Amino acid sequence: MSTTRQRVVALCGGVGGSKLVLGLSRVVAGDNLLVVANTGDDFEHCSLAVSPDLDTIMYTLAGIADPERGWGRSNETWTFMSALAALGGATWFQLGDGDLATHVERTRRLAAGEPLSEITRDFCRRLGIGATVLPMSDGRVRTRLRTNEGWLDFQDYFVRRRCAPAVLELAYEGADTAAPHPALIAALQDPQLRAVVICPSNPFISIAPILALPRLRQAIADCAAPVVAVSPIIGGQSVKGPTAKMMKELGHAVSAGTIGRLYADLIDTYVLDQADAAEAATLGIPTTVAHTLMTTLADREVLAREVLASADRIQT
């Protein structure tokens, strides 16, 4: 490992990406790890500002994420949802009682004029998180999907419709005017930057909204540190979520190689699973074959070390 370059920037969506982020947090000291969260999934529910990917990352790093559902808080209770259902309220998007406190306080502070990034920093401090977690922008970006049932807001597609409609096109509304967070741009220009990691998150709904921000894709391509992506596809299947389904519907072959080619203009090296080792030679860039299925905490840490080692090999 380089002794002079310590900082790591990780671009992350929700459950899959947060597993690797947890591993990175165990091998990258404190705020040397900057986690940039997708906020294209954000929406308003029950008049509350909900940031699903931000919250998944925060809860994971704080050690309070629900290990079975993969989202929300552990040991959650559901009194609010039960009372809401009894009154005929909207219950298609579940808000646990502990999770509800996050959304209530975020909504209050946003209404008072605080930017989302400062609210997130304070939440992380109070939750004892050493890494820096930032929304990709303080501006509003919303992912929408054109489907065989028309245009849908992301949460309508993902939660209410359970990803059933076929996806034909994606749009990231507001991305053209939402500036990347200044701390992210500064980190990409930092001579102490060791690596930029694209986590194994859905490339269309978790990573693409981040990369759609003005100048950000170019800033990543221009940074002096190696950029490494980790495949969310293992053996032709997505580990979690609709990645494989969306790839098919958008006309892509479902393979780790396809993901690598989607990021070809950005990345210097690529990490893919042992099940996909035969594809490594087809990409024309350095690759690392590793065990990428993260089922235990040890898996997360080992993969994090492999990812950073793959970046270090590019520097030397």
What does the extension gain come out to for residue 84 and residue 173, with contour length at 0.36 nm per residue minus their alpha carbon separation? 29.0 nm
Where does each of 60-71, 75-86, 31-42 land if you order them by average Cβ count within 10 Å, highest first? 31-42, 60-71, 75-86
Taking r as the C-beta separation of residue 296 and residue 149 and R0 as 30 Å, the FRET efficiency to the nearest 0.05 is 0.15
Estimated inter-spin distance, residue 166 and residue 121, nm [label 7 Å along Cα→Cβ]: 4.7 nm
Count charges around residue 231 for me, please; just the other residues with Cβ under 10 Å from its Cβ, Lys/Arg as +1, Asp/Glu as -1. -3
Expressed as a whole number of Å, what is the distance separating the alpha-carbon centroids of region 217-283 and region 58-126? 31 Å
Where Rh is the Kirkwood radius over the Cα pairs of the chain, the temperature 25 °C and the viscosity 0.890 mPa s, what D in µm²/s does Stokes-Einstein return? 124 µm²/s
Cα pair distances of region 266-306 binned at 5 Å [whole percent]: 5, 24, 28, 21, 14, 6, 1
Descending packing, highest mean Cβ count within 10 Å first, for 254-264, 10-20 is 10-20, 254-264
When you count, for each residue, the other Cβ atoms within 10 Å and take the mean per peptide, how do 219-225, 178-184 rank with the highest first? 178-184, 219-225
Let me check I've understood the local charge: for residue 289, count other residues with C-beta under 10 angstrom from its C-beta, Lys and Arg +1, Asp and Glu -1. What total comes out? -4
Between residue 282 and residue 186, take the C-beta separation as r, use R0 = 35 Å, and let me know the FRET efficiency to the nearest 0.05. 0.45
FRET efficiency for residue 62 and residue 313, using Cβ-Cβ distance with R0 set to 41 Å, rounded to 0.05: 0.80
Principal-axis tilt of helix 297-315 within the chain, Cα atoms, nearest 10 degrees: 50 degrees
So, counting K/R as plus one and D/E as minus one, what does the shell of residues with Cβ under 9 Å around residue 206 add up to? -2
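Any read-out appearing in this document is the output of simple, stated calculations on the displayed coordinates, not a laboratory observation. Please read all numbers here as calculations on a predicted model, not as lab measurements. In this analysis, Cβ positions are derived from the backbone assuming ideal geometry, glycine residues included, and neighbour counts consider all displayed protein chains.
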